[in-house]
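Written below as structure tokens is the structure these notes are about.
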Amino acid sequence: WVPVVGLEIHAQISSNSKLFSGSQVQFVAPPNSLVSFFDASLPGTLPVLNRRCVEAAVMTGLALNCSVNKKSLFDRKHYFYADLPAGYQITQQRVPIAVNGSLSYSVCIDNKMSQMVTKTVRIKQIQLEQDSGKSLHDDTRSQTLVDLNRAGVGLMEVVMEPDMCCGEEAAAAVRELQLILQTLGSSQAVMAEGQLRVDANVSVHHPGEPYGVRTEVKNINSLRFLAKAVDYEIQRQIEELENGGTILNETRAFDSKLGCTVPMRDKEAKQDYRFMPEPNLPPLILYDTKSLPANMNHQQVVNIDWIHERLPDLPSVKRAKLVEQYGILPEHSFTLLNEDGLTEFFENVVTQTQMKPKKVIGWILKDLLSYLKQHSLTVKESPVSSFLLADLLNLIEKKEISSTAAKQVLSELWKGEGKTPLDIVKEKKLELIQDQKELEEICQAVIDGQENEVMAIKAGNRKVLNKLIGLVQRETQGRANPVLVKQLLEKKLSE
């Protein structure tokens with residue numbers, strides 16, 4: 001079986017006001033407190049297009065290698081639902097703002113971060129449209145309440161071609177898109193706040209045969225659930241067909257508690273949206289430097305070239321720069337960018353410490369990140385600042401403490417008691433033993449107590465030396481310089 005996955009992604013545009021009205025956009029506000037007459041669809045109200053939303057869509061189109069249409073059109077898409085006051089949504093069905101783009105993303109082979117392959121998904125189009133309101137179902141009172149705060153908020157719908165084949169690919173593509181949107185500032189793309197919602201179209205067919213009947217899994221609001229929903233749906237369809245059943249062209253929802261998709265509504269009879277041109281909005285005309293008329297007021301037009309020149313470095317470019325500048329592994333650059341604020345944290349530590357970036361990354365990914373994940377903290381909430389971590393790494397570089405002792409210091413720093421690494425080193429007496437004579441005596445004592453190991457080393461088994469180094473470290477509670485200990489032991493054993 002060959003699975004086929006295509007995605008439709010609705011990204012909420014990062015804008016102070018809605019797409020066609022001056023109402024404020026805010027995530028948590030009292031119900032129905034941000035609703036203009038136009039949002040409530042009162043007679044006689046007219047749409048006024050928000051320039052910021054157009055610029056955000058152009059910027060996103062350019063970042064996704066799309067052709068931006070200099071002339072795009074608005075349409076009415078009719079469907080009747082309690083939280084859609086007008087009975088239609090204003091969208092761009094016939095000529096959207098951007099078309100024919102592509103998005104490159106990376107997936108791991110066999111879950112190994114060190115083996116990543118880059119794949120590309122084609123972007124069919126990006127269109128501007130309004131969001132609907134929100135229906136809140138109150139089961140105890142058997143009633144539905146409608147909140148129109150979200151009605152009319154600007155969305156970009158990004159339609160991806162069916163170029164993916166599993167949940168992992170779908171989640172990786174959406175994660176890359178999410179990073180691009182956040183880098184551009186065109187959408188905050190926080191899935192938990194409904195700013196990025198994904199519909200997945202899934203079908204399966206035998207190689208060489210036409211595509212199978214597809215089902216649509218609606219409104220998935222997390223990357224983990226997206227991967228699970230797609231993989232579940234592929235398996236469900238394969239099992240259904242192998243057991244002689246048929247796949248219905250239907251809309252399904254993903255139940256995250258049960259980990260499966262459930263039917264919502266049948267799509268067999270094609271829904272008639274009765275698309276028609278939006279009579280209250282003229283065509284949206286964009287310009288580039290060549291087509292911009294000389295006497296035109298710049299405040300009143302959107303210049304595609306002007307936006308293109310101001311595009312920031314996209315995540316793929318940032319990753320390449322990190323690898324080149326700091327000599328870190330490509331997979332580490334993915335982790336740095338995937339965690340919000342981690343790249344800045346890493347770069348701050350690197351500028352404040354003498355330690356090589358390749359060693360710094362180990363401390364950041366193994367120690368810092370695992371602690372934050374364990375305690376469900378973001379990088380910005382870390383009790384250990386980049387300044388404190390740099391201080392600690394400097395103590396290792398100056399050979400004042402060992403890495404073993406540094407781990408102890410770090411565990412004290414997590415408590416967030418305001419102490420500096422040096423305070424903790426002094427308080428816990430973790431400084432490296434500087435007195436070579438004292439170290440020699442400890443090494444001699446370890447050698448005297450390990451006759452079998454000494455014989456093995458003298459017989460040529462060098463690996464056993466590590467055990468002796470470990471015993472010296474235990475004796476000194478991690479306060480010995482392992483390089484020096486190795487030299488002393490080798491010297492004593494060759495006598």
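The values are calculated or read from the model by the stated rules, or taken from the named source; none is laboratory data. Fair warning: this is a prediction, and the values are worked out from it, not measured in the lab. Counting neighbours? That spans all protein chains shown, and the Cβs are built from the backbone with ideal geometry, glycine included. Heavy atoms of the whole protein, side chains included, go into the accessibility calculation; ligands, DNA and RNA do not. Shrake-Rupley method; radii C 1.70, N 1.55, O 1.52, S 1.80 Å.
Alpha carbon centre of region 411-440 versus region 354-370: separation in Å?
19
Say each of Cys108 and Thr289 gets a label point 7 Å from the Cα, pointing the same way as Cα to Cβ; how far apart are those two points in nm?
The modelled label-to-label distance comes out at 4.4 nm.
With the alpha-carbon atoms as the only input, what is the per residue convex hull volume for region 326-368 in Å³?
Residue-normalised Cα hull volume stands at 63 Å³.
Work out, step by step, the length gained on full extension between Lys486 and Gln325: first 0.36 nm times the residue separation, then minus their alpha carbon distance; give nm to one decimal.
Using 0.36 nm per residue and subtracting the Cα-Cα distance, I get 54.6 nm.
Which residues in region 137-164 have a backbone N closer than 15 Å to a point placed 7 Å from the Cα of Ser33 along the Cα-to-Cβ line?
147-150
Compute, for region 67-178, the length of the dipole vector about the Cα centre, with Cβ point charges of +1 (Lys, Arg) and -1 (Asp, Glu) only. Units Debye, rounded to 20.
On the way: 13 positive and 14 negative charges, 98 e Å.
Dipole about the Cα centre, nearest 20: 480 debye.
Which one of Ala229, Ile442, Leu365 has its Cα pushed farthest toward the positive end of the charge dipole of the chain, where Lys and Arg give +1 and Asp and Glu give -1 at the Cβ?
Ranked along the dipole, the leading option is Ile442.
Provide, in order from the shortest bin, the percent of all Cα-Cα pairs of the chain in each 20 Å bin, continuing until the bin that contains the maximum pair distance.
Percent of Cα pairs in each bin: 18, 41, 26, 13, 2, 0.
Please state the charge dipole magnitude for the chain, taken about the Cα centre, from unit charges on C-beta atoms (+1 on K and R, -1 on D and E), reported in debye and rounded to the nearest 20.
640
Straight-line reach from Lys458: which lysines have a Cα under 17 Å away, not including same-chain ones fewer than 8 places off?
Lys467, Lys486, Lys491, Lys492
Which of the lysines could be linked to Lys134 by a straight reach, that is with a Cα gap under 16 Å, when you skip same-chain ones fewer than 8 residues away?
Lys18, Lys218
When a/c is below 1.5 the answer is rounded, else prolate if a/b is larger than b/c, else oblate, so apply that to region 219-337 with a ≥ b ≥ c taken from the square roots of the Cα gyration tensor eigenvalues.
Verdict is oblate for region 219-337.
Are any of the pairs Lys407/Lys437; Lys321/Lys380; Lys356/Lys399; Lys398/Lys429; Lys290/Lys318 more than 20 Å apart by Cα-Cα distance, and if so, which? Spell out each step's value before the answer.
Details: Lys407/Lys437 26 Å; Lys321/Lys380 23 Å; Lys356/Lys399 14 Å; Lys398/Lys429 17 Å; Lys290/Lys318 31 Å.
Going by Cα-Cα distance, Lys407/Lys437; Lys321/Lys380; Lys290/Lys318 fall outside the 20 Å limit.
Could you calculate the FRET efficiency of Ser370 with Asp340 from 1/(1 + (r/R0)^6), where r is the beta carbon distance between them and R0 is 22 Å, rounded to 0.05?
For R0 = 22 Å, the calculated efficiency reads 0.85.
Roll a 1.4 angstrom probe over the protein heavy atoms and tell me the percent of accessible area of region 247-385 that is carbon or sulfur.
Using a 1.4 Å probe with all protein chains present, region 247-385 comes out at 53 percent carbon and sulfur.
Measuring from a point 7 Å past the Cα of Arg141 along Cα-to-C-beta, which residues in region 16-37 have an amide N at less than 14 Å?
31
Nearest 10 degrees, 0 to 90: what angle lies between the long axis of helix 51-63 and the longest principal axis of the chain (Cα atoms)?
60
Counting only protein chains, not ligands or nucleic acids, how are Thr353, Thr118 ordered by accessible area (probe 1.4 Å), most first?
So, going from the largest accessible area down, we get Thr118, Thr353.
Report the calculated FRET efficiency for Tyr273 and Thr404 (r = Cβ-Cβ distance, R0 = 45 Å), to the nearest 0.05.
Working: r = 66 Å, r/R0 = 1.47.
Given R0 = 45 Å and the Cβ-Cβ separation, E is 0.10.
Would you please classify the overall shape of region 341-426 from the alpha carbon gyration tensor, given that a ≥ b ≥ c denote the square roots of the eigenvalues, rounded means a/c under 1.5, and beyond that prolate means a/b larger than b/c while oblate covers the rest?
Cα axes put region 341-426 in the oblate bin.
If you average the C-alpha positions of region 288-329 and of region 130-147 separately, how far apart do those two centres end up, in angstrom?
41
So if each residue of separation counts as 0.36 nm, and I subtract the Cα-Cα distance between Leu49 and Gln235, what length gain in nm does that give?
Value of the extension gain: 62.6 nm.
Work from the charge dipole of the chain (Cβ charges, +1 for Lys and Arg, -1 for Asp and Glu, about the Cα centre) and give the residue of His10, Ala480, Tyr211 farthest towards its positive end.
Ala480
When the chain is fully extended, how far beyond the present Cα-Cα distance does Lys359 get from Glu161, taking 0.36 nm per residue of separation?
Numbers: separation 198, 0.36 × 198 = 71.28 nm, distance 4.15 nm.
Contour length minus Cα-Cα distance gives 67.1 nm.
Under the rule a/c < 1.5 gives rounded, and otherwise a/b versus b/c splits prolate from oblate, where does region 28-167 land using the Cα gyration tensor?
In terms of gyration-tensor shape, oblate.
Can you find, among Val384, Thr120, Pro263, the residue sitting farthest towards the positive end of the charge dipole of the chain, where Lys and Arg contribute +1 and Asp and Glu -1 at Cβ?
Of Val384, Thr120, Pro263, it is Val384.
Counting only helical runs of four or more DSSP H residues, what would the 222 nm mean residue ellipticity of the chain come to if each run contributes -39,500 (n - 2.57) and the total is spread over all its residues? Working shown, then result.
Details: 16 runs with 176 residues, N = 495.
Computed ellipticity for the chain at 222 nm equals -11000 deg cm²/dmol.
On a 1.4 Å probe surface of the protein chains, which of Thr183, Thr60, Thr351 comes out largest in accessible area, and what is the full order?
Thr351, Thr183, Thr60
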